[in-house]
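Participant: A single structure is presented below for examination.
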Amino acid sequence: MKILGIDPGSIITGFGVIDVDKLKFNYITSGSIKTKGDFVNRIAIIFLEIQKIIIKHNPDVVVIERIFMRPDRPNPESSIKLGHARGAIISAAAINNFKIIEYSPNQIKKTLVGKGHASKDQVVFMVCKTLKLNKNPQTDAADALAGAICHAYHCI
């Protein structure tokens, strides 16, 4: 099964593609979509770049992180912008008829690290260990790969 994981963001959106056969994980690619310009332009860039990635890698499923409000930083505007980015990602997948699965950040961390409030460093460590990477991916790409790994564990 080929899985595209996406960590949505209105400025930086992380992505990661893995292939999974039973419990054998194969890293394919990962990276970040960095946007600039006004907000509408950034959302358009996210849509177009995700569409390119989906068409190029033809995943069996697209995994996207759910929106959450951090209790220590309750900023509705940030959540709304993140919602627009997620909408662009979901639209890019949906118009190409790809299955979309959502996981909360805590579900992803708990599946990968064993606790829902794991640190970024712990997530990156487990992504590298699971995929046998010899260098750390960018933070946003690591989060996207973590989402893909999470889905693999839930499907196997």
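The values are calculated or read from the model by the stated rules, or taken from the named source; none is laboratory data. Only a predicted model underlies this, so the values are computations on that prediction, with no experimental measurement involved. Neighbour counts run over all protein chains shown; Cβ positions are idealised from the backbone, glycine included.
Participant: For the stretch 73-103, how many residues meet the condition of being in contact with a Pro (Cβ under 8 Å, 6 or more places away or on another chain) and among the polar types (S, T, N, Q)?
Facilitator: 0
Participant: Of (1) under 18 Å from GLY87 (Cβ atoms); (2) free of Cβ contacts under 8 Å to residues at least 12 places away in the same chain, ILE6 satisfies all except one. Which?
Facilitator: Single failed check for ILE6: (2).
Participant: For the stretch 48-71, indicate whether the set of residues that are touching a strand residue (DSSP E or B) at 6+ places or on another chain (Cβ under 7 Å), without any contact (Cβ under 8 Å) to a residue 24 or more places away in the chain and either closer than 23 Å to CYS150 by Cβ or of a type in the set (Asp, Glu) (or both) is non-empty.
Facilitator: no
Participant: Next question, about the same structure. Which residues, counting only those in the stretch 1-15, are buried (at least 19 other Cβ atoms within 10 Å of the Cβ), in contact with a strand residue (DSSP E or B) (Cβ under 8 Å, 6 or more places away or on another chain) and within 18 Å of THR35 (Cβ to Cβ)?
Facilitator: Correct list: ILE6, ASP7, PRO8, THR13, GLY14, PHE15.
Participant: Residue under question is PHE15, and the condition is that it be among the aromatic types (Phe, Trp, Tyr), under 22 Å from GLY83 (Cα atoms), in contact (Cβ under 8 Å) with a residue 60 or more places away in the chain and assigned to a strand (DSSP E or B); does it hold?
Facilitator: yes
Participant: LYS56 versus (1) more than 15 Å from ILE18 (Cα to Cα); (2) charged (D, E, K, R); (3) not in a loop (DSSP other than H, G, I, E, B): which is the lone unmet condition?
Facilitator: (1)
Participant: Looking for something of a type in the set (Phe, Trp, Tyr) and modelled with pLDDT under 95 - is there at least one such residue anywhere in the stretch 61-83?
Facilitator: There is at least one residue in the stretch 61-83 that is of a type in the set (Phe, Trp, Tyr) and modelled with pLDDT under 95.
Participant: Could I ask something else about it? List the pairs whose first member sits in the stretch 106-119 and is within 16 Å of HIS154 (Cα to Cα), whose second member is outside any loop (DSSP other than H, G, I, E, B) and among the basic types (Lys, Arg), and whose Cβ atoms are under 8 Å apart, counting only residues at least 6 apart or on separate chains?
Facilitator: Filtered contacts from the stretch 106-119: LYS115/LYS109; GLY116/LYS109; GLY116/LYS110.
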